[in-house]
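The values are calculated or read from the model by the stated rules, or taken from the named source; none is laboratory data. Quick caveat: nothing in here was measured; it's all calculated off a predicted structure. Glycine also receives a Cβ, built like all others from the backbone with ideal geometry; neighbour counts cover every protein chain displayed. We work out accessible area using only protein heavy atoms, side chains counted, and drop any ligands, DNA or RNA first. Shrake-Rupley method; radii C 1.70, N 1.55, O 1.52, S 1.80 Å.
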Amino acid sequence: GNVLVMNSRQEWLAKLDEAKRSGKVIVVDFTATWCGPCKAMAPIFVDLSKQFEQLIFVKVDVDALKANWSIQAMPTFIFIKDGKLLDKIVGANKSELQRKAAMYATGG
């Protein structure tokens, strides 16, 4: 798929900056290796990245990278545009993630 794994804070900030410059919406999957629901959502996230190439799909391991978006539960998915939070989905909510990805992909 087109999911980019962020391994460093530098990489993460560069990706946010790139998204801001391109005017694209970035979809972030905050995950953890020990999180069962995260593993269940991973293939869905990959499928969405193939379906909506106009969005930038990024995966952040909360144990590896502190990203400061007040994430309290895994998985949490956030949608960012121009460096600002547009939307947030807490939990393994497949239909909500699909709906919001489609909405932001079409300029919603």
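Would you confirm whether or not the range 64-75 contains a residue that is touching a Pro at 6+ places or on another chain (Cβ under 9 Å) and under 23 Å from SER8 (Cβ atoms)? Checked the range 64-75: at least one residue is touching a Pro at 6+ places or on another chain (Cβ under 9 Å) and under 23 Å from SER8 (Cβ atoms).
Within the range 73-90, the only residue that satisfies the criterion of being more than 13 Å from the chain's Cα centre (by Cα) and either closer than 10 Å to PHE30 by Cβ or open to solvent by less than 30 Å² (accessible area, probe 1.4 Å) (or both) is ALA73. ALA67 passes every criterion in (1) modelled with pLDDT under 95; (2) open to solvent by 40 Å² or more (accessible area, probe 1.4 Å); (3) at negative phi apart from (2). Residue pairs whose Cβ atoms lie under 7 Å apart, sitting 6 or more positions apart in sequence or on different chains, and linking a residue in the range 87-106 that is more than 12 Å from MET41 (Cα to Cα) to a partner that is open to solvent by 70 Å² or more (accessible area, probe 1.4 Å) and part of a loop (DSSP other than H, G, I, E, B), are ALA105/GLN54. Buried (at least 18 other Cβ atoms within 10 Å of the Cβ), over 18 Å from VAL5 (Cβ atoms), of a type outside the set (Phe, Trp, Tyr) and at pLDDT 95 or above: is that true of VAL25 in this structure? So VAL25 passes the test. All of ALA40, ALA32, ALA14 fail the test of being without any contact (Cβ under 8 Å) to a residue 12 or more places away in the chain and open to solvent by less than 70 Å² (accessible area, probe 1.4 Å), apart from ALA14. Total residues in the range 46-86 satisfying the condition of being free of Cβ contacts under 8 Å to residues at least 40 places away in the same chain, under 21 Å from GLU18 (Cβ atoms) and polar (S, T, N, Q): the figure is 1.
So which residues in the range 93-108 are of a type in the set (A, V, I, L, M), touching a helix residue (DSSP H, G or I) at 6+ places or on another chain (Cβ under 9 Å) and surrounded by fewer than 19 Cβ atoms within 10 Å (Cβ to Cβ)? Residues satisfying the conditions are ALA102, ALA105.
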